[in-house]
Amino acid sequence: MSAILAVPILQVRGLRVEFAHPLGAVHAVDDVSFTLEANERLGLAGESGSGKSTMALAILRMIKPPGRIVGGRVTLDGVELSALDHEGMRRLRLAGIAMVPQGSMNSLNPVMRIKAQLADAFRDHGVQLSSADLDARIAELLSTVGLRAEVANLYPHELSGGMKQRACIAIAICLRPKVIIADEPTSALDVVVQRQVMETLARVQRALGCAIILVGHDMGLMAQFVDRLGVMYAGRLVEVAPIGEIITRPRHPYTQALISSLPSLEARGTMQGIPGLAPLLRDLPPGCAFHPRCARAEARCRAEKPAVRDLGPGQQAACHFA
Amino acid sequence: MTGPLLEARHVTKRYGAMTALSDLSMTIDAERPAITAVVGESGSGKTTLARIILGLTPPSAGTVFYRGQDMARLSGTQKRAFRRDVQAVFQDPYEVYNPFYRVDHVLTTPVKKFGLASSRAEARTMIEGALRAVGLRPEEILGRFPHQLSGGQRQRIMVARAVLMKPKLIVADEPVSMVDASLRATILGSLRKLTDEMGISIIYITHDLATAYQVSDNILVMYRACIAEAGEVERVVKHPQHPYTQLLISSIPKVSIARDWLDDEGEQKLAAIPSPDGCRFLERCPVAMARCAASLPPLYRTEAHRAAACYQYADSPELPAGTLNEVLVTGQEHVGA
Ligand SMILES: Nc1ncnc2c1ncn2[C@@H]1O[C@H](COP(=O)(O)OP(=O)(O)OP(=O)(O)O)[C@@H](O)[C@H]1O
Ligand SMILES: Nc1ncnc2c1ncn2[C@@H]1O[C@H](COP(=O)(O)OP(=O)(O)OP(=O)(O)O)[C@@H](O)[C@H]1O
Ligand code: SF4
Ligand code: SF4
Ligand SMILES: [Mg+2]
Ligand SMILES: [Mg+2]
């Protein structure tokens, strides 16, 4: 059989987000570019505060003031999103790109039954359904995420954490999106339930034929789930590579430090963080933002900002020496 | 007041027909500082246990004692001492912050309230030190509103607050669930230091078994409102005895190129309704026996520093209620171990 041509479903080019601050703008997302292929699972990891959630929101153009998208292009299935008007963008959310936001399982409305929250999602996007059709769609959605139909009549507090997270996924996929962005969907769940929720997400992906961006900190989860991993540091995507490469041969020194700081289950007392603090985003160190903490930094790193370079198929890094 | 710092005796919490925590007894002795991780199923009662110990939720049955005094009957002075001795770091930091106050507020308030500093300058120095201990830059964080920080930044401010107070006990419910591995190591390292250098006990509630293993002395594994297994962390993690602990440990996703974690064709296994009388793990247990359906297994002391609530170990002596503490080790013992 001939090789299957990779089709990009989502393209992000030169995306920049700033937050206004009296002492100078915070560059939360700094010139980020990547491509997501149809059916691909892309992971997004990186230091806390490095801009992962902001980037996810920026893709959906949901940045609120004092934040502002100051540059870049996002293209979904050939359509450039900045060309869409407010109404077009509203329709795109859920139907084109759906987001399961960070902490969403705790943001379900506590006084509304799951059914009403799903119905709201349909209504918000102008989907008119008869009450019988709505019930059928909701039952179908719940079964797609592995929940019994009766769950529709329950309130969030009557659900376990895993069930709530599945309900959030159900809301996100109700309009059959092409891309699902899930921001730390399982960090509040035990590993047994985590596995079930990720199996649910995998099954949803197969049923919908969509791509997934998984934002998270759990490298084990990334290793087991995603095809490629992007690593962010101080607002930049410093490395993107197939997951196997990242685990076995990380190229960027930050990625290397991140991988070697992973806590082991083999020997106690081996846990060590990367020394130093994350840089101040409104006053980044000159040159490579990682240089004050980088074991391999040289004079050039302090003077010259490393460009993102192609290292191999689907693999890039922003380091002078990677 | 005399007695251990905190003691929970036969504590049960019910919400309507649902039991969130079932007949749990444990002691926290300020003289024997240690880090005890509490892990287990989502919804198994870990946060409920934390809230009861913190006096935030009254138990439906049983009593919590603070230095020998019933928590429900503390005097004003005793309450104040309790709030100084016992600090909380919560799972969902959004709830703790007042959106209208700058985050500085959550740090300056306790300093003022408990007179921790003699001058504004000293207070500032203390606060900055605590922020750096959790990997935050004071100049980046102070002056901001809660919504202007990332999830992990908000979480770390709560840890900094607990560090600032230098209490006897910190109850930390998922303190690092939103930060990366490297920072988890840094923050947990600073908590470990509190235990080793200042004798502060820590209850570390988490789903991250690898960091629990790395940082704790003891571990409690909870399943459906009960303790399934408890003991010295090395033994429990390396050789889990309870079938639930075995399932939990074997479900950790591994950082490896071998992908064996997801069962892509797998059926969605939904948690079944617990049997009313028998072992709570019965319907999922691969080694269940006839007697497991009849009654709830008690904790058996299977080793000097381990107990498991499972009939497979019925030959071991039962652990008398209220003696769980004897099974656990202290930080010092652990260092020597
Ligand atoms: N409204 C805001 N005003 C100013 N700065 C902001 C605002 N929102 C976010 N930031 C800053 O932007 C940076 C990126 O935040 P973001 O939430 O995207 O990080 P993240 O990578 O998702 O982190 P985490 O892993 O902790 O969730 C952070 O340093 C944060 O402090
Ligand atoms: N205020 C409440 N009202 C009703 N039920 C509650 C309340 N608080 C907790 N519960 C229920 O009690 C049980 C135990 O909850 P708890 O929050 O203690 O679990 P947990 O072990 O902390 O779970 P997680 O790992 O998801 O944080 C759950 O079934 C929960 O739904
Ligand atoms: S460019 Fe220099 S400082 Fe930056 S990561 Fe590479 S070696 Fe380190
Ligand atoms: S008591 Fe029985 S059912 Fe429960 S864990 Fe042990 S063997 Fe399994
Ligand atoms: Mg985030
Ligand atoms: Mg909890």
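Observations on the structure shown:
- Cα gyration tensor, region A:88-201 - rounded (a/c under 1.5), prolate or oblate: oblate
- Within straight-line cross-link reach of B:Lys113, aspartates and glutamates at Cα separation under 15 Å, skipping those fewer than 8 residues along the same chain: B:Asp85, B:Asp104, B:Glu122
- Per-pair calculated FRET efficiency, R0 = 25 Å: A:Ala149 and B:Arg284 via Cβ, rounded to 0.05: 0.60
- Förster radius 22 Å - calculated FRET efficiency between B:Arg73 and B:Ala321, Cβ distance, rounded to 0.05: 0.50
- Residues whose amide H lies under 5 Å from that of A:Arg309, counting only those 5 or more places away or on a different chain, are A:Ala317, A:Ala318, A:Cys319; hydrogens are built 1.01 Å from N in the peptide plane.
- In order along region B:322-332, phi translates into HN-Hα couplings of x, 10, 3, 3, 5, 7, 7, 9, 9, x, 4 Hz, rounded to whole numbers, per the Karplus curve 6.51 cos²θ - 1.76 cosθ + 1.60 with θ = phi - 60° and x for Gly and Pro.
- Cβ neighbours within 10 Å from other chains - mean over B:246-256: 6
- Note that region B:13-23 has calculated 3J(HN,Hα) couplings of 10, 10, 10, x, 7, 8, 9, 8, 8, 10, 6 Hz, one per residue in order, obtained from phi through the Karplus relation 6.51 cos²θ - 1.76 cosθ + 1.60 (θ = phi - 60°); glycine and proline are x.
- Inter-part distance where region B:215-237 and region B:274-314 are each reduced to a Cα centre, Å: 15 Å
- Nearest 10 degrees, 0 to 90: helix B:151-165 Cα axis against chain B principal axis: 80 degrees
- A Förster distance of 35 Å, applied to the separation of the beta-carbon atoms of A:Lys305 and A:Gln11, puts the FRET efficiency at 0.95.
- Charge dipole of chain A (Cα centre as origin; +1 on each Lys and Arg Cβ, -1 on each Asp and Glu Cβ, all else neutral): 300 debye, rounded to the nearest 20.
- For the pair region B:135-207 and region A:147-211, the centres of their Cα atoms are 29 angstrom apart.
- Selection from A:Pro292, A:Gly209, A:Met222, by position along the positive dipole direction of region A:166-322 (Cβ): A:Gly209
- Solvent-accessible surface of chain B, taken per residue with a 1.4 Å probe and all protein chains present: 42 Å².
- Residue pairs, from the table A:Lys52/B:Lys254; A:Lys305/B:Lys193; B:Lys46/B:Lys238; B:Lys13/B:Lys168; B:Lys13/B:Lys254, whose Cα atoms sit over 30 Å apart: A:Lys305/B:Lys193; B:Lys13/B:Lys254
- Across region A:174-188, coupling constants 3J(HN,Hα) worked out from phi with the 6.51/-1.76/1.60 Karplus curve, θ = phi - 60°, read 4, 10, 6, x, 8, 9, 10, 9, 10, 9, 6, x, 10, 5, 9 Hz, and Gly and Pro carry x.
- Peptide B:182-191 - average C-beta neighbours from other chains (10 Å radius): 6
- Approximate spin-label separation B:Glu333-B:Glu122, in nm, with each point projected 7 Å along Cα-to-Cβ: 3.8 nm
- Separation of alpha-carbon centers, region A:70-95 and region A:299-322, rounded to whole Å: 30 Å
- Per-residue ellipticity at 222 nm, computed for chain B from helices alone with -39500 (n - 2.57) per DSSP H run of at least four residues, works out to -9500 deg cm²/dmol.
- Spin-label model, A:Ser260/A:Leu84: points 7 Å from Cα along the beta carbon direction are separated by 4.4 nm.
- DSSP-defined antiparallel bridges as percent of all bridges, the protein assembly as shown, nearest 5: 60 percent
- 10 Å Cβ shell holding at most 13 others, DSSP loop, GluC sites (Glu not before Pro): longest site-free stretch of chain A: A:1-265
- Between A and B, accessible area buried - total, square angstrom, nearest 100, 1.4 angstrom probe: 5300 Å²
- Global geometry of region A:46-138, whether rounded, prolate or oblate, following the gyration tensor of its Cα atoms and the 1.5 cut on a/c: oblate
- Label positions at B:Arg80 and B:Phe100, each projected 7 Å from the Cα along the C-beta direction, are separated by 2.8 nm.
- Residues whose amide H falls under 5 Å from that of B:Val89, counting only those 5 or more places apart or on a different chain, are B:Val171, B:Ala172, B:Asp173, with hydrogens built in the peptide plane.
- Whether region B:1-101 is rounded, prolate or oblate, judged on the alpha carbon gyration tensor where a/c under 1.5 counts as rounded: rounded
- Degrees separating the helix A:114-124 axis from the principal Cα axis of chain A, which is the longest one: 80 degrees
- Computed over chain B: relative contact order in percent, which uses C-alpha pairs under 8 Å that are six or more apart: 21 percent
- Distant-in-sequence amide contacts of A:Ile181, defined by a placed amide H-H separation under 5 Å and a gap of 5 or more residues or a different chain, comprise A:Ala98, A:Met99, A:Val100, A:Ile213.
- Normalising the average separation of contacting C-alpha pairs (under 8 angstrom, six or more residues apart) by the number of residues puts the relative contact order of chain A at 20 percent.
- The angle between the Cα long axis of helix B:76-85 and the main principal axis of chain B comes to about 80°, on a 0 to 90 degree scale.
- In this Cβ point-charge picture (+1 for Lys and Arg, -1 for Asp and Glu), the protein assembly as shown has a dipole of about 1560 debye about its Cα centre.
- Calculated [θ] (222 nm, deg cm²/dmol) that DSSP helices of n ≥ 4 give over chain A, each run adding -39,500 (n - 2.57): -9000 deg cm²/dmol
The values are calculated or read from the model by the stated rules, or taken from the named source; none is laboratory data. Since we're looking at a predicted model, the values are computed, not measured. Quick reminder, even Gly has a Cβ in these numbers, built from the backbone with ideal geometry, and neighbours come from all protein chains shown. Ligands, DNA and RNA are excluded from the accessible area calculation, which covers all protein heavy atoms including side chains. Shrake-Rupley method; radii C 1.70, N 1.55, O 1.52, S 1.80 Å.
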